Amino acid sequence: MRIPYDKVFFTSDTHFYHKNIIKYCNRPFDSVEQMNETLITNWNNTVPLDGVVILMGDFAFAGGDKIKAILKQLNGHKYLFLGNHDHQINFPREYPYFESVEEQGVIRVEGDPEIPTQDIFCNHYPMISWDGAHRGTWQCFGHIHTCKEKNMIKEIQSPNQYDVGVDFNDYTPVSFQKLKEIITKQNLYGVL
């Protein structure tokens with residue numbers, strides 16, 4: 001899949017409707033409704049209507065009608081790479097409001113003046129190596145709920161990978177520009 005650099009955003013582990021994730025990840029919300037509302041607002045304030053959002057899994061902790069209701073409210077074309085909670089709720093392969101649902105894959109971001117083409121391996125889980133890692137392919141992942149205070153894989157993480165989960169990114173999708181800046185800094189100064 002090829003995507004213009006100024007239209008693509010990355011996120012993971014939104015866990016819409018997951019009440020216990022507030023406690024488990026120490027999220028700053030008083031209720032699941034407040035969390036859902038904040039996630040939707042942050043998403044729509046960041047992603048334009050014609051944007052493309054690459055989700056690295058664990059989208060929601062709910063059934064089909066609730067998922068449809070959330071998806072209808074979110075800007076952009078949404079591509080889902082399945083997470084462990086997505087399997088538990090039996091996502092069908094052809095799900096309304098997702099452009100595609102896959103286990104993992106590589107997207108190509110194009111058109112950036114500094115990086116004309118950049119391949120990004122997308123998977124829910126952080127990996128030690130991935131397809132194209134030795135040729136400069138980045139990896140976006142989620143799953144581990146990195147927070148600002150603690151990156152539990154920092155010692156083994158490649159500078160070409162980044163946790164795009166909401167817990168590490170102010171409950172907001174990450175633009176390609178921001179991802180490029182972070183990965184460039186990580187390559188110069190080490191993993192954040």
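The values are calculated or read from the model by the stated rules, or taken from the named source; none is laboratory data. Every value quoted in this text rests on a predicted model; they were computed, and no experiment measured them. Neighbour counts run over all protein chains shown; Cβ positions are idealised from the backbone, glycine included. Each accessible area value is taken on the protein alone, full model and side chains, heavy atoms only, with ligands, DNA and RNA left out. Shrake-Rupley method; radii C 1.70, N 1.55, O 1.52, S 1.80 Å.
Checked against the criterion of being under 22 Å from residue 26 (Cβ atoms), more than 11 Å from the chain's Cα centre (by Cα) and outside any strand (DSSP E or B), region 112-121 contains not a single residue that satisfies it. The strands (runs of 3 or more DSSP E) found entirely in region 1-83 that carry 3 or more residues being in contact (Cβ under 8 Å) with a residue 12 or more places away in the chain and within 23 Å of residue 144 (Cα to Cα) are 8-11, 52-55, 77-81. Please pick out the residue among 80, 39 that is in contact with a Ser or Thr (Cβ under 6 Å, 6 or more places away or on another chain) and not acidic (Asp, Glu). Going through 80, 39 in turn, the sole match is 39. Take the conditions (1) farther than 19 Å from residue 167 by Cα; (2) surrounded by fewer than 19 Cβ atoms within 10 Å (Cβ to Cβ); (3) out of contact with any Lys or Arg (no Cβ under 7 Å at 6 or more places or on another chain); residue 8 misses just one of them, which is (2).
Kindly indicate whether any position in region 102-123 is hydrophobic (A, V, I, L, M, F, W, C), in contact with a Lys or Arg (Cβ under 6 Å, 6 or more places away or on another chain) and on the phi < 0 side of the Ramachandran plot. No, region 102-123 contains no residue that is hydrophobic (A, V, I, L, M, F, W, C), in contact with a Lys or Arg (Cβ under 6 Å, 6 or more places away or on another chain) and on the phi < 0 side of the Ramachandran plot. Taking the conditions (1) in contact with a strand residue (DSSP E or B) (Cβ under 7 Å, 6 or more places away or on another chain); (2) at pLDDT 95 or above; (3) closer than 23 Å to residue 108 by Cβ in turn, residue 82 satisfies each one other than (2). Applying the criterion of being touching a strand residue (DSSP E or B) at 6+ places or on another chain (Cβ under 9 Å) and not polar (S, T, N, Q) to the residues of region 19-42, the residue that is farthest from residue 168 (Cα to Cα) is 32.
Conditions tested, residue by residue: (1) more than 25 Å from residue 129 (Cβ to Cβ); (2) crowded, with 18+ Cβ neighbours inside 10 Å.
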residue: 21; (1), (2): yes, yes
residue: 31; (1), (2): yes, no
residue: 60; (1), (2): yes, yes
residue: 83; (1), (2): no, yes
residue: 86; (1), (2): no, yes
residue: 98; (1), (2): yes, yes
residue: 103; (1), (2): no, no
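Here is a check on your reading of the model: is residue 125 touching a Leu at 6+ places or on another chain (Cβ under 7 Å), open to solvent by 10 Å² or more (accessible area, probe 1.4 Å) and closer than 30 Å to residue 29 by Cβ? No: the conditions fail for residue 125.
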